[in-house]
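Computed from the coordinates by the stated procedures, all read-outs in this text should not be read as laboratory data. None of the values given here were measured: they were computed from a predicted structure. Reconstructed Cβ throughout: ideal geometry from the backbone, glycine too, with neighbour counts over all protein chains shown.
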Amino acid sequence: MADAPAPDEPEVLRLEGVRKSFGTSTPREVEVLHGIDLVLRRGEFCALIGPSGSGKSTMLNLIGLLDRPTAGTLFIEGRDTRDMDDASLTQLRGRSIGFVFQHHHLIGAFTAAENVMMPLLLYRNRPDVAMRRHAEALLDRVGLLPWKDSRVGNLSGGQQQRVAIARALAMSPALVLADEPTGNLDTRSADGVFDLLREMNQTSRTTFLIVTHDPRLAQRCDRIIEVVDGQIVADEAVLAPGRIGTA
């Protein structure tokens with residue numbers, strides 16, 4: 001079980017009164033998020049749950065700086081994002097936020113190591129030996145070093161998701177957003193991927209926000225945040241989180 005973050009741990013994410021509408025200033029305007037307040041601190045391991053259409057994906061897109069709120073304020077590592085231009089948001093997202101998707105979005109023609117290097121390449125423009133070694137070290141952490149030169153299209157679904165996790169950690173982000181990261185996997189692979197996320201959280205003190213429809217996995221997190229109809233209706237600590245199969 002991970003130690004709960006102390007109240008004086010630095011904030012990684014803060015949402016204050018965040019609202020999101022679509023079709024703004026038209027007769028069809030619809031508000032999807034209705035004043036979200038949320039704080040995540042360094043080292044937290046949180047599940048984000050709620051029924052389909054509750055606003056989870058919209059909320060994740062805002063937190064990931066892939067979209068902008070209609071109203072309210074969003075802080076990443078203490079930085080107010082309201083007045084940032086697109087270039088500044090892209091830079092902040094690349095440095096501070098990692099993503100793990102249900103569909104891993106790897107480049108099938110590239111090797112595992114090359115896929116892990118992609119965030120670094122976008123940041124530094126050209127590959128170098130240090131970048132390659134960093135990618136290989138991450139693949140070693142997720143148990144895939146022997147497959148570093150294998151094209152990801154030849155790997156199993158569970159292996160591909162492990163490559164995606166390594167890629168998400170390439171820039172040592174403060175926050176990793178995982179959107180149904182085990183949704184396409186069989187139970188055994190899903191358990192392994194989830195345990196790997198937990199291990200990375202514990203060893204790196206990286207904050208994780210994991211969207212899941214699986215209550216079994218949610219109960220393995222330290223905190224469960226529930227969204228219904230665009231509002232947070234529950235935000236509670238889990239009494240005895242842990243690894244799959246240890247309850």
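Numbers at a glance
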{"quantity": "Over the chain: helical MRE at 222 nm, DSSP H runs n ≥ 4 each giving -39500 (n - 2.57), nearest 500", "calculated": "-10000 deg cm²/dmol"}
{"quantity": "Cα shape, the range 27-84, gyration tensor, a/c 1.5 rule", "calculated": "oblate"}
{"quantity": "20 °C / 1.002 mPa s Stokes-Einstein diffusion coefficient of the range 170-209, Kirkwood radius on C-alpha pairs, µm²/s", "calculated": "200 µm²/s"}
{"quantity": "Semi-axes of the equivalent ellipsoid for the chain, Cα gyration tensor, largest first, Å", "calculated": "29, 22, 17"}
{"quantity": "FRET efficiency, 1/(1 + (r/R0)^6) with R0 22 Å, evaluated for GLU11 and LEU92 via beta carbons", "calculated": "0.90"}
{"quantity": "Cα-Cα pairs of the range 38-172 separated by more than 26 Å (percent)", "calculated": "32 percent"}
{"quantity": "Sorted by Cβ density within 10 Å, fewest first, the residues HIS134, HIS213", "calculated": "HIS213, HIS134"}
{"quantity": "Ascending count of other beta-carbon atoms within 10 Å, so fewest first, for HIS104, HIS34", "calculated": "HIS34, HIS104"}
{"quantity": "Theoretical gain in end-to-end length, ASP83 to SER172 [0.36 nm per residue, Cα-Cα removed]", "calculated": "29.5 nm"}
{"quantity": "Within the chain, longest stretch clear of exposed trypsin sites (Lys or Arg not before Pro) (DSSP loop, no more than 12 other Cβ within 10 Å)", "calculated": "83-247"}
{"quantity": "Full-stretch length increase - HIS34, ARG188 - with 0.36 nm per residue and alpha-carbon distance subtracted", "calculated": "51.7 nm"}
{"quantity": "Segment THR73-ARG126, length gained on full extension (0.36 nm per residue, minus Cα span)", "calculated": "15.6 nm"}
{"quantity": "Relative contact order computed over the chain (Cα-Cα under 8 Å; 6+ residues apart), in percent", "calculated": "28 percent"}
{"quantity": "Residues listed by number, the range 149-175, amide nitrogen under 20 Å from ARG42 label point at 7 Å toward C-beta", "calculated": "169-175"}
